[in-house]
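Encoded as structure tokens, the structure appears first; notes follow it.
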Amino acid sequence: MGRIVLQKVSKKFGEIEIIPPLDLTIEDGEFAVFVGPSGCGKSTLLRLIAGLEDNTSGDIIIDGNTVTQVPPSKRGLAMVFQSYALYPHMTVRKNIGFPLRMEKMDQAEIDVKVNTAATSLNLTDYLDRKPGQLSGGQRQRVAIGRAIVREPLAFLFDEPLSNLDAALRVGMRMEILELHNKLKTTMIYVTHDQVEAMTMADKIVVLQAGVIEQVGSPLELYRAPRNLFVAGFIGSPKMNLITGPLAAKHGATTIGIRPEHIDVVASGGTWEGTVSVSEHLGSDTFLHVKVAGFEQVLTVRSIGDIAVKHGDKVSLSPRLGELHKFGADGLRIG
Amino acid sequence: MANRTIPRLLQTPAIVLLLFWMLVPLSMTLFFSFIRYVLASTNRPEWTSPSISNWRGFGNYQYVWNQDSFWLAIHNSLLIVCSILFLTVILGVAIAILINRTFPGRGIVRVLLISPFFVMPAVNAVLWINMLLDPVLGLQGTAVAGANDLVALLRDAPVVGSFFSLWPQFEPISFRATQTSAYAVIMMVTWQWTPFAVLILMTSLQSEDQQQKEAAILDGASRWSQFRFLTLPHLARPIAIVVMIQAIFHLSLYAEIEIVSRGNGNKNLPYYIGELVNNNIGAASATGIFAVILANIVAIFLLRMLGKTLME
Ligand SMILES: Nc1ncnc2c1ncn2[C@@H]1O[C@H](COP(=O)(O)OP(=O)(O)OP(=O)(O)O)[C@@H](O)[C@H]1O
Ligand SMILES: [Mg+2]
């Protein structure tokens, strides 16, 4: 079990309110991702749940028990830090076994659990090394191992992959997902990388300045962003947001269209423009197109490699069915 | 190879100078320790100047080895050095942890804490033995007298009077006596050197990783476990530094011993050598060589012990 409910939880550092009162429910077994720009309070929210910070008001409820006054170690949560936070003077074996040793479990039982965790994380060869003698990926696995052996109600990850290189990050992402499929334990995962959020989450929580902008599954957020912030934040490359008379024509203050929903056509498209930059990735081509009458440069994504270069004239045809409309208050219309 | 010769040539003067600097005193001590060499001798005037013809072999070493006062000096040296190390490390860790938190007036407290370190050793000894520890005129004398007066007063009080009349008179301790003078030295040097330990340990505490602490909190580590498994291993190296440096300094304590008791009862090795030098240079040199050996043994022993206990 591991159902986490936040009720009107808020946090002030001194006079500054970093997190205004917010409500949030994370169901048992869910993989929830907190995503948002740097400094929006993701880590703070996670630390509030872990108990490393005291909330200024509101209640945190885990499995029906109010834990607001419960010390961190008694909340049954395990946390994996961005900097790994391994104990540098202990071997990998001691690191992984540390929480069990603190529970005064007997040594034979600790050894069994440590070995099981090490096997599932491919760490058996490194058990007698110190953290300083491991690579970044191995260190992160040790940190995860230390979290697993406690058999927590929920795992909390604070940007666990951001110190790893891109290739390793993709691999570790898969490992964490497999772990989730195997253990079926609630996981809360903080990241500012929206690709990580989209690929991993059952539920994404988009935060900005401590406020929850939207909660939903990755595709819900992709298909129906609740406001301009979510529209701009979810999706890569970013959604094109167009203001002015064109938006007014559709009865909105701002209209949004994702780059992958604009087709490049031979002729007779809705918009005619000039390519300013074209990025050829092989599988995709990203075009940045200047269209007369638009303030913004449009981003267009087309599948495959299409032969256009800087200065070429292109004709664009947006799929009007995929248009997002936003009102003057920035909220979605319809 | 030619390109190596010139740098080596250019380094030579410095190296030669350094060698002379270290080797000349050491070899002179070694030489003196193997000959008969005394400053005043009416029977054997030939012994009063250093000469190879006065060769005595290991005679000086044997002579010193068989002196009870030599073993007493070694015993005292070890007692003083080890006690000071033990006390300064414990006090240093405790104080460093205390003042590492934020509290109002932290800056001033830190400056005050460091100040004993800037007192000259001789002044430190004079202050302690005369103003603090003197059984009559010092703080100790005053305090004991005050306590006795208070007990005397309470004896006449109703109800509790009968209880206090069972109490004996408090006797002040004379720290210049044979049995106690080493303790006076330990106290004053500990007072003076604790700030050194605090200073080094505090800087090290500030570099401790806070996320490790938080991880340990989540892992259910109590405050003591956090200290034992994270802070103490983190401090192992700075503690080793504190111990090494202090061991070097305190094996050669002299001023404090001279001022507290003129060596009465608590001669350490340097003081013992100092007394021998008044006449028997040969024996003094032999003791000096023993002192060098002792210092090395102490250093190796301390390092091993620290490495074992703290690094797990
Ligand atoms: N101990 C603290 N005292 C005062 N302000 C703090 C403290 N911790 C965090 N803050 C502030 O709270 C805000 C949110 O910080 P937080 O670390 O939660 O951001 P984040 O979303 O995790 O950002 P990032 O993606 O960069 O890690 C920041 O503006 C930060 O300056
Ligand atoms: Mg953060």
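General remarks:
- Verdict on A:Val195 being touching a residue at least 12 places away in the same chain (Cβ under 8 Å), open to solvent by 50 Å² or more (accessible area, probe 1.4 Å) and out of contact with any helix residue (DSSP H, G or I) (no Cβ under 6 Å at 6 or more places or on another chain): yes
- No other residue among A:Arg129, A:Arg150, A:Arg141, A:Arg173 is open to solvent by 20 Å² or more (accessible area, probe 1.4 Å) and within 24 Å of A:Gly64 (Cα to Cα) apart from A:Arg150.
- Scanning segment A:183-204 for residues that are of a type in the set (D, E, K, R) and either in contact with an Asp or Glu (Cβ under 7 Å, 6 or more places away or on another chain) or within 16 Å of ligand 1 (Cβ to nearest atom) (or both) yields A:Asp193, A:Glu196, A:Asp202, A:Lys203.
- Any chance B:Leu133 is free of Cβ contacts under 8 Å to residues at least 40 places away in the same chain and either hydrophobic (A, V, I, L, M, F, W, C) or under 26 Å from B:Glu258 (Cα atoms) (or both): no
- The single condition among (1) under 30 Å from A:Ala78 (Cβ atoms); (2) free of Cβ contacts under 8 Å to residues at least 24 places away in the same chain; (3) surrounded by 15 or more Cβ atoms within 10 Å (Cβ to Cβ) that B:Gln210 does not meet is (3).
- Of the criteria (1) free of Cβ contacts under 8 Å to residues at least 12 places away in the same chain; (2) outside the structural domain of B:Trp193 (by TED's automatic domain parsing), which one B:Phe164 fails: (1)
- Unmet requirement for B:Leu91, which otherwise passes all of (1) modelled with pLDDT of 95 or more; (2) in contact with a Leu (Cβ under 9 Å, 6 or more places away or on another chain): (2)
- For segment A:62-88, the candidate set comprises residues that are open to solvent by 30 Å² or more (accessible area, probe 1.4 Å) and in contact (Cβ under 8 Å) with a residue 40 or more places away in the chain; within that set, the residue that is nearest to ligand 1 (Cβ to nearest atom) is A:Gln82.
- Among (1) under 20 Å from A:Gly2 (Cα atoms); (2) within 14 Å of chain B (Cβ to nearest Cβ); (3) open to solvent by less than 10 Å² (accessible area, probe 1.4 Å), the one test that A:Phe98 misses: (1)
- Tally, over segment B:5-45, of residues that are assigned to a loop (DSSP other than H, G, I, E, B), under 18 Å from B:Arg56 (Cα atoms) and either open to solvent by less than 60 Å² (accessible area, probe 1.4 Å) or without any contact (Cβ under 8 Å) to a residue 40 or more places away in the chain (or both): 5
- Cβ-Cβ contacts under 8 Å between residues 6 or more apart (or on different chains), taken from a first residue in segment A:155-167 that is on the phi > 0 side of the Ramachandran plot to a second residue that is open to solvent by 10 Å² or more (accessible area, probe 1.4 Å) and within 16 Å of ligand 2 (Cβ to nearest atom), are listed as A:Glu159/A:Ser43; A:Glu159/A:Gln82; A:Glu159/A:His192.
- Whether a residue is surrounded by 14 or more Cβ atoms within 10 Å (Cβ to Cβ) and either polar (S, T, N, Q) or away from every other protein chain (no Cβ under 12 Å) (or both) was assessed, and A:Leu161 passes this test.
The values are calculated or read from the model by the stated rules, or taken from the named source; none is laboratory data. In this text the structure is predicted, and so the values were computed from the model without any measurement. All Cβ positions, even for glycine, are placed from backbone atoms using ideal geometry, and neighbour counts span all protein chains on display. For the accessible areas, the whole protein counts, side chains as well, though only heavy atoms, and no ligand, DNA or RNA atoms are used. Shrake-Rupley method; radii C 1.70, N 1.55, O 1.52, S 1.80 Å.
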